[in-house]
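Readers should treat all values here as calculations from the given coordinates under stated rules, not as data from a laboratory. Just so it is clear, the structure is predicted and the values come from calculations on it, not from any experiment. So basically every Cβ, Gly included, is an ideal-geometry build from the backbone, and we count neighbours across all protein chains shown.
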Amino acid sequence: MILPDAILGVLGGGQLGRMFTVAARSMGYRVWALDPDPHSPAGSIADRHIEAPYSDEAALTEMSAHCAAVTTEFENVPAETLEYLEVRVPVRPGSAPVAIARDRIREKTFLRELGLATAPFFPIRTLDDLTSACAQLRMPALLKTAQLGYDGKGQIAVSSLEDARRGFQQLGATACVLEERVALQLELSVILARNSSGQTEVFPVGENVHVNGILDTTFVPARIAQPVARQAVQMAQRLADAMDYCGVLAVEFFLTVDGDLLINEMAPRPHNSGHYSIDACLTSQFEQQVRTLCDLPPGATTLLSPVVMVNILGDLWGDSPPPWEKLFEQPQAKLHLYGKRHARPGRKMGHYNCLAADLDDAIAIAELVRAALTPKAG
Ligand code: AMP
């Protein structure tokens with residue numbers, strides 16, 4: 001076990017790295033964050049901000065010499081970075097699961113081979129692949145880049161072969177998946193923490209609403225039947241076991257109008273849809289990241305209260321920041337800001353959690369806060 005006050009390393013210093021840093025430091029660990037951005041949200045509160053590219057060998061060598069273990073806040077850290085580090089220091093999750101999660105073709109193929117349902121899809125590397133996929137897949141469909149897509153970026157809706165060909169060129173003729181657009185009843189996520197001995201704790205299922213491809217709201221507990229929740233948890237657990245996963249794993253699901261549960265994608269890290277756990281669970285997803293990184297048993301994930309999490313995007317900034325005082329008037333609303341200097345439309349600036357004895361009451365508080373923070377038209 002790695003105990004306080006060891007130094008923990010985190011690759012990536014965005015909001016996820018920042019919330020990891022808060023959890024680790026409050027538990028008595030020290031944190032070094034590697035991020036090239038001089039204004040990195042995690043870098044500004046870490047014990048040390050290593051301001052260097054992820055491929056900087058000298059920085060990685062120094063990190064591995066001083067850190068007891070290293071984790072990552074995002075899957076797009078270069079594969080070579082994780083591989084370089086993991087022969088020198090424990091890296092959790094390791095390069096193998098991160099490589100699967102980073103690439104939609106590998107990810108969906110892995111899921112299919114495990115017998116875990118996904119939306120029907122075809123890997124696309126050439127125009128010929130596209131022609132044959134369009135002949136077999138029900139339209140409409142989505143063409144998604146295999147790598148570097150997030151928050152609905154790198155995706156194009158297509159309804160014919162002509163559309164798909166145009167879309168493929170628009171996406172740079174890079175490796176993609178073509179995926180059937182399924183009729184959704186709900187979107188769900190399951191987040192779990194698994195340590196290197198396989199000890200696992202699963203968070204309550206979250207019900208997610210996306211707006212323009214970006215997560216907007218998470219409701220917990222999800223308003224679904226118990227067997228659906230159980231099935232989602234079992235699927236996430238199978239996936240984690242199959243990868244012998246160590247760390248926090250997020251699995252996003254589609255519940256179709258026909259009642260089928262499909263895995264959309266996974267993230268090898270804490271997830272936006274798990275931010276509710278900071279205020280509403282006995283252990284937050286970031287404490288779990290610390291615990292699994294340090295070989296401690298994962299903490300209890302007991303839900304202490306129904307909760308609604310709402311993302312705060314840069315869209316709420318006009319000439320001045322949103323009127324936070326209105327949020328603070330609600331005693332059951334908890335504000336989390338990430339310390340980003342510049343607000344831009346679509347940029348995740350923070351979130352708030354609203355807790356109440358009843359989910360409907362938490363929703364009512366969240367809507368009051370949303371209305372108060374939203375700039376008035378005109
Ligand atoms: P992704 O980046 O793949 O998570 O997609 C972002 C959002 O687009 C999802 O959360 C869904 O709301 C929607 N979406 C993505 N893929 C599909 C699909 N195959 N069918 C229906 N909706 C989808």
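Karplus-based coupling profile of segment 345-359, in residue order and whole Hz: x, x, 7, 7, 9, x, 7, 9, 10, 10, 10, 7, 4, 10, 4, with θ = phi - 60° in 6.51 cos²θ - 1.76 cosθ + 1.60 and x standing for Gly or Pro. Residues whose amide H falls under 5 Å from that of Ile312, counting only those 5 or more places apart or on a different chain, are Met349, Gly350, His351, Tyr352, with hydrogens built in the peptide plane. Across all Cα atoms of the chain, the radius of gyration (one decimal) and Dmax (whole number) stand at 20.6, 59 Å. For segment 227-268, the residues whose amide N sits under 20 Å from a probe point set 7 Å from the Cα of Thr109 along the beta carbon direction are 239-240, 242-244, 263-268.
Only helical DSSP H runs with n ≥ 4 go in: add -39500 (n - 2.57) per run for the chain, normalise by residue count and round the 222 nm mean residue ellipticity to 500 deg cm²/dmol. Write out the running numbers ahead of the final one.
Values: 12 runs with 119 residues, N = 378.
That calculation yields -9000 deg cm²/dmol at 222 nm.
Determine which lysines satisfy two conditions relative to Lys144: a Cα distance under 20 Å, and not lying fewer than 8 residues away in the same chain. Excluding near neighbours in sequence, the set is Lys108, Lys153.
Length gained on full extension, Ile363 to Phe328: 11.0 nm, using 0.36 nm per residue less the C-alpha separation. Taking 7 Å steps out from each Cα toward its Cβ at Ala96 and Arg166 produces label points 4.4 nm apart. Across segment 119-125, computed HN-Hα scalar couplings (Karplus, 6.51 cos²θ - 1.76 cosθ + 1.60, θ = phi - 60°) run 5, x, 8, 9, x, 10, 10 Hz from first to last residue, x flagging Gly and Pro. Tally Lys/Arg at +1 and Asp/Glu at -1 over every other residue whose Cβ is under 11 Å from the Cβ of Asp360; what's the total? Neighbour charge sum, excluding Asp360 itself: -2. In this simple spin-label model, placing a label point 7 Å from the Cα along the Cα-to-Cβ direction at both Gln185 and Met1 gives a separation of 4.3 nm. Loop-located trypsin sites (Lys or Arg not before Pro) across segment 70-171 with a Cβ neighbour count of 11 or fewer within 10 Å are Arg138, with loop assigned by DSSP. In segment 215-276, the ratio of gyration radius to Kirkwood radius, Rg to Rh, stands at 0.95 when only Cα atoms are counted. The label point for Asp258 and the one for Ala372, both projected 7 Å from the Cα toward the Cβ, are 4.6 nm apart. Working from the Cα coordinates of segment 3-68, the gyration tensor eigenvalues give, after taking √(5λ), semi-axes of 18, 15, 7 Å in decreasing order. Amide H contacts of Asp47 (H built 1.01 Å from N, in plane; Pro and chain starts excluded): Val31 sit under 5 Å, all sequence-distant by 5 or more or on other chains.
Hey, how much of the P(r) for segment 212-354 falls beyond 25 Å, as a percent of Cα pairs? Pairs farther apart than 25 Å: 36 percent. Partner lysines whose Cα lies under 28 Å from the Cα of Lys334, excluding those fewer than 8 positions away in the same chain, are identified as Lys326, Lys348, Lys376.
Toward the positive end of the charge dipole of the chain, with +1 on the Cβ of Lys and Arg and -1 on the Cβ of Asp and Glu, the farthest Cα among Ile50, Ser160, Phe110 is that of Ser160. Dividing the convex hull volume of the alpha carbon atoms of segment 120-180 by its residue count gives 65 Å³ per residue.
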